[in-house]
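Only one structure is covered here, and it is reproduced in the block below.
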Amino acid sequence: MFQFISNTPIFRRLFIAFAIAAVIPGIVIILLGSYYINLLSVQGQAVRTSFDAQNIASQEQINLQGMNALLQARHAQVFASISGSVHDPSLYASGTLINIDILTRRADFEQALKTYQRDYELATSSNMSTIRSILLSDEPNTRIIDDQQAALNDVINRQWPQYSKLQDQELAQLQHIEDLLQKRTVFTPQQINQAYSQIYATLFQANAAFTDLRNGWQRVVDSAVSMGKTVTAVGPSQT
């Protein structure tokens, strides 16, 4: 082999050397470029998924706040009618619309809870496997995964069932008063005070449960924001 090389003209040997010197870096550049493009694609998908998780969490946070505000509006509307301080036949239609809006928002939140846990729970969702890998690569001791799972479990298993049960009780009590009003029942001041005391007690408990639920869902929102910041930053995994 060495004899063959020594017998090869110097020009040809230089040509072969330069060709090898050009081909090897070219192959390396192609491999690195392919790897980097694939990395950018994976990173881009992770960013889009994290933004979707933040968007849904924020939307449902607004939905929850609107739902509870409507519950209080429904309470005020019914007692404005029962007290006789407002004589407007449109109040009944308005109350029906409020009731429908509450139930619609409730169904939307319940569906969003299932979807969010299925698609965006870091600890269990296959959809979040890339983001989970990035989080663990950048910070092996990260608390984001466990915090999000704990917050979701608390909302799904305790906070939301507790609030929705009290919401049902409040709406049923208000509907009973509404039905009596539609039968043209006249309430005495004593009956009005008694009804208000009973129903407001339920509303007070519902508001307390809502505060707990709102704080729990805020933890889910905060986890989504932290996840998004980590994914969009240039961390060790991307370096």
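The alpha carbon centroids of region 150-223 and region 26-82 are separated by 28 Å. Model label points for Ile192 and Gln175, set 7 angstrom from Cα along the Cα-to-Cβ axis, are 2.5 nm apart.
Find, among the trypsin sites (Lys or Arg not before Pro) in region 65-157, those assigned to loop by DSSP (not H, G, I, E, B) with at most 16 other beta-carbon atoms within 10 angstrom. If you can, show how the numbers build up before the last one.
Values: sites: Arg74, Arg105, Arg106, Lys114, Arg118, Arg132, Arg143; in loops: Arg143.
Those that pass, being in a loop and sparsely packed, are Arg143.
At a probe radius of 1.4 angstrom, the accessible area of region 44-173 per residue rounds to 48 square angstrom. Its relative contact order, with pairs defined as Cα atoms under 8 Å and 6+ residues apart, puts region 65-212 at 29 percent. Each of (1) 120, 35, 21; (2) 61, 42, 40; (3) 71, 55, 34 is a candidate for Cα extents along the principal axes in Å; the one calculated from this structure is (1). What are the membrane-span-like helices in the chain by this rule: whole DSSP H runs, Cα extent along the axis at least 20 Å, mean Kyte-Doolittle hydropathy at least -1.0? Passing helices, by number: 10-82, 90-120, 160-182, 189-232.
What's the carbon and sulfur percent of the chain's accessible surface, probe 1.4 angstrom, rounded to a whole number? Can you show the working numbers first?
Values: 8420 of 14070 Å².
Taking all protein chains in place, the chain shows 60 percent carbon and sulfur surface.
Among Ile82, Ile16, Ile199, the residue with the largest mean-square fluctuation in a Gaussian network model of the chain, with springs joining Cα atoms closer than 10 Å, is Ile16. Between Val221, Val47, Val78, the GNM of the chain built on Cα springs shorter than 10 angstrom shows Val78 fluctuating the most.
At 222 nm, what helix-only mean residue ellipticity would the chain give, in deg cm²/dmol to the nearest 500, using -39500 (n - 2.57) for each DSSP H run of four or more? Spell out each step's value before the answer.
Numbers: 7 runs with 198 residues, N = 239.
After summing the helix terms and dividing by residue count, I get -30000 deg cm²/dmol.
For the chain, set up a Gaussian network in which alpha carbons nearer than 10 Å are linked by springs, and say which option among Tyr36, Tyr163, Tyr92 fluctuates the most. With Cα springs under 10 Å in the chain, the top fluctuation among Tyr36, Tyr163, Tyr92 is at Tyr36. A full extension of the chain between Asp147 and Arg184 corresponds to an added length of 8.0 nm, given 0.36 nm per residue minus the alpha carbon distance.
Please state the relative contact order of region 111-160 as a whole percent: Cα pairs under 8 Å, 6+ residues apart? Don't skip to the answer; put the middle values down first.
Values: 28 pairs, mean separation 15.0, N = 50.
Value for region 111-160: 30 percent.
The values are calculated or read from the model by the stated rules, or taken from the named source; none is laboratory data. Just so you know, these numbers come straight off a predicted model, no measurement behind them. So basically every Cβ, Gly included, is an ideal-geometry build from the backbone, and we count neighbours across all protein chains shown. Only protein heavy atoms, including side chains, enter the accessible area calculation; ligands, DNA and RNA are left aside. Shrake-Rupley method; radii C 1.70, N 1.55, O 1.52, S 1.80 Å.
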